[in-house]
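In what follows, a structure is listed as structure tokens, so that the remarks can point back to it.
A short reminder: the numbers here are calculations on the coordinates, not readings from a lab. The shown structure was predicted, so the numbers you read here are calculated from the model rather than taken from an experiment. Cβ coordinates were reconstructed from backbone atoms using ideal geometry, including for glycine residues, and neighbour counts include every protein chain displayed.
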Amino acid sequence: MHGWLKEQVRIYRGNAASIKEYRIQLRSTKTIWYWGIYLSILVIVAMANYGSIVSSASNSPSSLQSSLQTYYQIVVGFLQGMILLIAPMLGASAIVSEYDLRSIELVFSSPASTKYFLVGKYLAALRQLALLLFLSLPITAVGVTLGGATWQQVIEQYLYLMMHGAIVLAVAMPIAINTQSMVRTISGVVAVLILGGFFAAVASASSMAMMFGGMAGSTTSIPPLVGLVPFLTPFTLGYSTLVGLVPVPNWIFAGIATLAIVKVLLLGAGSALTKVGSRETRSLRVHGLILVALYCFSIYSTIKSIPWPPASQRQGIAMMVVNMPLIPIFFILMFLAASGRAEDRKFLADKLFNWKEILGGRPSGSLGYGMILIAMVAFTNALTLYSVSFIRKLEILMLPAWGLAFGLMILGIGWWVSPGFDQVVGSRRTVVAAVMGLVILSHVGLMFLDIGMNQVVTEFLVLANPFLPWADSLILLVMKITILLIIAGLAYYFGEKKRRLMFNKYYGQPKPIEATT
Amino acid sequence: MLEVKSLTKRYGQFEAVTSVDFALEPGEIMGFIGSNGAGKTTTIKMLATLLEPTHGTALLNGRPLDGNDLEIRKQIGYMPDFFGLYEDIKVWEYLDMFATLYGVEVNDRPRVIDEVLELTDLGFKKQAFARSLSRGMQQRLCLARCLVHNPTMLLLDEPASGLDPRARAELKELIGELGRMGKIVIVSSHILPELADFSTVVGIIERGQMLAFGKVNDVVRSLTPAKKIQVKLLDRGAEASMFLHSKEHVSGTQFLNPNEFRFDFTGTLEDQHALLKAMIDAGFPIIEFMDEEADLEDLFMQVTKGALN
Ligand SMILES: Nc1ncnc2c1ncn2[C@@H]1O[C@H](COP(=O)(O)OP(=O)(O)OP(=O)(O)O)[C@@H](O)[C@H]1O
Ligand SMILES: [Mg+2]
């Protein structure tokens, strides 16, 4: 315990990786200059607009007030956009520069832990980001003094800006380690932001819509984590969630979620940097479960807060509600599913299933870990729907079964594709392409619906489409699950055959590489 | 003591290092020789715990060199073949960073930094920016960095590349000094003569296979199928050559002048003695009879012959 504490102090105080970054930051003031220039431009634009706002709205104080609010929101929006752009750059350059210089080998031949290195880098970048945000404070403060916003709003807004920055920065870390290139890291982060932001925005917007609709405008609360969707903050500031009878401000939930997300992302980066059976990989898996539990809680609280009226398409809707939140999990599964034949043991598909590797992280643990992730989310959703008596007992099992089958299919495709690739990156791309291809192709049927070709045929394409989580009868659902399971089974069967052949060819039968550590 | 046991690294079907075995005692300096792509860097990286072996182990003082064991790294100083220095960082700051990473106590750091700077003759550049150093100085700085934590084993991957002859000589001196300090040192190079003077042992690797390992002279002998002996007489050169060819283990005479020639000899030292005695007994006026120094360059070319294509 004492040793652990000492190690933590060593990581957060006097971290050599941080100090080095600070020194560089102090000596190369380029970033600050660019930021200063950006802020000046922002001020000039704002001033110009301010002039026109005041002159056009001078006849009515209330319209002046709302114009000032708009002014403030525009300024914040520009800041937000810039933070979302600068944060990945800071995160990427901290890591990529080490690869470019090939100094990362030096760091990792030292006894400094991966955590030490990553936390050091991360904190240094975060500090820089905080500094930039701090420098922008005078501009937003103008918004307050002119009456466009209150101090409380500004503080909460900055809190959210910082959280967004912290998350984006953390997203950049594992991507930078995997791509080792500035450009690819930044585009990767942008892709994640678009995908993640889009998913979160759709999810939160639809849940908000459901709530507003259901409660007929009487609501004062918003699902707790909506504030983490960057561009929604102007609308989500100041809300709280009832825990029991106590209204807890949403920024507290967002703060907890931010910490958890950042931790998991940094662990992901750490896991990417370490060898088979490392503490980081194990910890990543455990924290992944915790983060997913948090995710379950947020969906639970959303589903719970919606008054579910009896609907005509009841089972279909329930199907969507249970399985749509699995989308991010499916993306994780595509990564879990891939392995590479020429890789270190970490990525070498050693065995079809090994329960010890569920947390250990080798490919033989993917099946178990993937199924656990899906089961957690899908069953939470189903049980919550059951508790608000929207679904029946049998459906608690049946609806998540689709998600489990779909997940099995992804993992099966991964198992089938991977033995053809030396590097795990190649298999990952192929798995993503294959799954996306299957899903997108199968959705072509949906388009015919609008064109109104043949009602029966097109409806059949939708209703029988196994890749679509929509089924308004149990028989249809069973059919879909069966199709998915057949695909998964075939992929696993042929994949395992291929894998064994590959394994014998590459590593010989007598000494399969067993975990020695 | 370093023990390497059937260390193997495979990249898919390609085996970069095949079952390498050797052992080194403290104070031994191993010249690790092989042509481009032979597997030197791969082996060294596995010893530095940066690369996971496919099979096999390496033990340093009985402890496995395992990538997840951070403590063992305190005993290793690794100097890669290519490395970059950070921009905007001073020489002492660079060393300070690594001293911190290696867990050197705060109070000891200034002393340690001064010591390694002195050892590597960089004291006068302490306040300079690392990037502003010359290539040779950067190389020495990197070596200084390997020494801040007083490791028991040093892994130097082509430390002399890009250095001028004087800097090379100084580096050799320094490496010899490290050996005398009782450290295990592995120095890789693709030039054998560069290592021969200060290495106590050599390992020759080719296509991932350790072709030879041992004391420099032993390796030379084991690899040279026939040694050359040079003979000089006052007179009767041709007759002496005919006499020799009637004996065992002798072949391929090559005259340098009528009374001086060299021949290939495959016998033992006892055979060599018997041969000389027989010549003297037969009354040949011998004035010189000596082993010719094996040419390391030739030897290397001979050993690695064919491995490059
Ligand atoms: N990541 C990798 N993937 C596939 N092959 C690799 C990889 N790294 C090294 N190799 C191969 O392993 C072999 C040994 O490489 P290594 O770098 O150890 O040679 P070396 O003896 O250090 O050569 P040099 O004198 O050029 O530095 C080479 O054929 C190389 O192409
Ligand atoms: Mg090399």
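Based on the convex hull around the alpha carbon atoms, the range B:226-290 presents an average projected area of 3.6 nm². Under 5 Å between amide hydrogens, built in the peptide plane, is the criterion, and for B:G77 it picks out B:M153, B:L154, B:L155 among residues at least 5 positions away or on other chains. Between B:D271 and B:K74, the modelled labels are 5.5 nm apart [label points 7 Å from Cα along Cα→Cβ]. When you count the other C-beta atoms within 10 angstrom of each residue and take the mean per peptide, A:380-391, B:28-39, A:29-40 line up highest first as B:28-39, A:380-391, A:29-40.
What FRET efficiency comes out for B:R111 versus A:Y12 if R0 is 22 angstrom and r is the Cβ-Cβ distance? Round to the nearest 0.05. List each step's numbers first, then the result.
On the way: r = 26 Å, r/R0 = 1.18.
The pair B:R111/A:Y12 has a calculated efficiency of 0.25.
Distance from the Cα centre of the range A:408-448 to that of the range A:273-295, in angstrom? About 24 Å separates the Cα centre of the range A:408-448 from the one of the range A:273-295. In this structure, the residue pairs whose Cα-Cα separation is over 18 Å, taken from A:K121/A:K263; A:K275/B:K9; B:K247/B:K277; A:K275/A:K497, are A:K275/A:K497. Inverting the pair-averaged 1/r between distinct Cα atoms of the range B:2-220 gives 17.7 Å as its Kirkwood hydrodynamic radius. Counts of other chain beta carbons within 10 angstrom of each beta carbon in peptide B:66-76 average 4.
Of all DSSP bridge pairs formed entirely within chain B, close to 65 percent run antiparallel.
Shown for chain A are the DSSP H helices of 20 Å or more along their axis, judged by Cα atoms, with a mean Kyte-Doolittle hydropathy of at least 0.0: A:30-57, A:61-101, A:114-135, A:151-179, A:182-215, A:250-273, A:279-305, A:366-387, A:393-417, A:424-442, A:474-507.
Counting only other chain Cβ atoms within 10 Å of each residue's Cβ, the peptide A:98-109 averages 6.
Find the relative contact order for the range B:226-290 and round it to a whole percent, using C-alpha pairs within less than 8 Å whose residues are 6+ positions apart. Intermediate values should be presented prior to the final figure.
Values: 93 pairs, mean separation 31.5, N = 65.
RCO, the range B:226-290: 48 percent.
Distance between the 7 Å Cα→Cβ label points at B:T200 and B:M181: 1.6 nm.
Counting pairs of Cα atoms in chain A, how many percent are more than 37 Å apart? For chain A, the fraction of Cα-Cα distances above 37 Å is 39 percent. The mean number of partner chain beta-carbon atoms within 10 angstrom of a residue's beta-carbon across peptide B:93-102 is 6.
Among B:D164, B:D157, the ranking by other beta carbons within 10 Å of each residue's beta carbon, starting with the fewest, stands as B:D164, B:D157.
Taking N as the number of residues in the range A:311-507, what value does Rg over Cα atoms divided by 2.2 N^0.38 Å take?
Working: Rg = 18.0 Å, N = 197, 2.2 N^0.38 = 16.4 Å.
Relative to the 2.2 N^0.38 Å estimate, the range A:311-507 comes out at 1.10.
Computed from the C-beta positions of A:L474 and B:Q127 and an R0 of 60 Å, the FRET efficiency is 0.15 to the nearest 0.05.
For the range B:113-158, the percent of C-alpha pairs falling in each 5 Å distance bin, counted from 0 to the bin holding the largest distance, reads 5, 22, 34, 23, 12, 4, 0. Of the GluC sites (Glu not before Pro) found in the range B:61-98, those that fall in a DSSP loop while having at most 15 other beta-carbon atoms within 10 Å are B:E87.
Distance between the pseudo-spin-label points of B:Q209 and A:Q423 (7 Å out from Cα toward the beta carbon): 3.0 nm.
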